[in-house]
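The values are calculated or read from the model by the stated rules, or taken from the named source; none is laboratory data. What you see is a predicted model, and the numbers here were worked out from it, not measured in a lab. Positions of Cβ are generated from backbone atoms using ideal geometry, with glycine treated the same way; all protein chains shown enter the neighbour counts.
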Amino acid sequence: AMANTVQTVKADLTKLINEGDAKNTKDMQAAIAETKTALVEGDKVIAKSIQDVSTKVQGVEGKVQTQQQVIQDINGNLTAKYVASVDANGVFGGFELYGDAKTKTSKFVVVADDFIVVNPNNHSSKAVPFEVRDGITYLNNACVGNLDSSNIRAGGINAACIQAGAITAEKIAAGSITGDKIVANVQLQTPDLLMGSIRLNNGAAGFGKGLGPYGGWDSTWSTIIYADGTLCTNKINASAGTISNLNVQNCTIAQDCRVLGTLYADNIVGLPSGKSFGHGEFGVPRDGNWMTIAEHQIRSPQGRFNTNCQIVIRGAAGSYSGSQSGASFGSYIGIRVLLNGSQIYSEIVTQTPNTGWEYHTQGYSWASPPFNIGSNGGYLVLQITTVNWWRYSNSGVQYNWGANKNGNRDYNILSSSMQGYIYSAIDK
């Protein structure tokens, strides 16, 4: 059985239009057609309604069609759909709403160049929270529960609303996330992060790729922090901090340094240093001969400061004295100081002589003035010899370095003991 009705409303007009001397005609047409069908056929029933609304002017046509259809059979199959479409001279758009009772599915299909959803409470401001344009979906504001994508491109991602742990490296394909700006206010978890000249990998971090000597990940870095906490860098600039254990190869302290504990050092340049020496009994050479009694290498302060040096001696010695041609004479110890082989100082160690040919012993002490060694250090040598003197009435004292007034002896002065010390310190 079938029931079918067709109803058409149509209007035609041919209009004569005067354009100067020419005469033209314009064909215009408007129509509304509605078809309704009810059909029982075999084991199924069909109900269908189609409405067409159209216009046509000089071959340019516009059309709006709506279609409603329900199909059902005795086997439980049931489908229903509603279709609306527009055709503006070939520019087509429309949607279809479809439901299937057997598969328990429904569909909403949209055919359009742009698909826009407008907030009904704010449509006057043309706020568009959702839009599909040229095959691309645009979401001005969205809250996404679960997002699966093979490729995400973004100028900026704000992660304030992403659940912690929801995005893991296993769920993101390599190279699938690109962006000029990524903002993560919660947490970013990845075993390996490479950002231009920076790399973070399994607890280690490298900075300044290719700019330094420290190796890691088949490259070199200006600064690298290894997973065990070792820091290798060319420069550290810090205003404050605490270091429990520090091994420094070269260090310059520009200002004051306070050591609260014990300072241990194998070699500190600039602090007082020196060398002690001592001798038992010996004869002091004469006839212009010199005897070396001490040597000392003074360390260099590496050109930063000058170094001062001083010598101290004490001991006991005996000398022979006598008179000759109405003059009394005696012997003294003469001292000279050599620096790098050149004499820089000489002096006589005074002791009171005695007349007669007897041997007399007495103690003595002597301290040199400070010697400026300079800023490069040097090799210091201390030597002694015998100096004779004679005195004439009212004519003062004269000294004769290297003379021998007692030619029948091997020496004029016998030193029974001698101790001394050479020390140096920087002069700021």
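Selection over region 395-428 of residues that are part of a loop (DSSP other than H, G, I, E, B), modelled with pLDDT under 60 and not aliphatic (A, V, I, L, M) gives a count of 9. The residues on offer are 218, 287, and the sole one that is modelled with pLDDT under 85 and within 30 Å of residue 384 (Cβ to Cβ) is 287.
Checking the conditions here, which among 241, 270, 261 is in a loop (DSSP other than H, G, I, E, B) and either under 30 Å from residue 380 (Cα atoms) or at pLDDT 85 or above (or both)? Sole residue among the options that is in a loop (DSSP other than H, G, I, E, B) and either under 30 Å from residue 380 (Cα atoms) or at pLDDT 85 or above (or both): 270. Applying the criterion of being of a type in the set (Ser, Thr, Tyr) and assigned to a strand (DSSP E or B) to the residues of region 308-326, the residue that is modelled with the lowest pLDDT is 323. Among the strands (runs of 3 or more DSSP E) confined to region 19-117, the ones with at least 2 residues that are surrounded by 15 or more Cβ atoms within 10 Å (Cβ to Cβ) are located at 22-41, 44-57, 60-73, 78-88, 91-100.
Is it the case that residue 329 is in contact with a strand residue (DSSP E or B) (Cβ under 7 Å, 6 or more places away or on another chain), modelled with pLDDT of 80 or more and of a type in the set (Phe, Trp, Tyr)? No.
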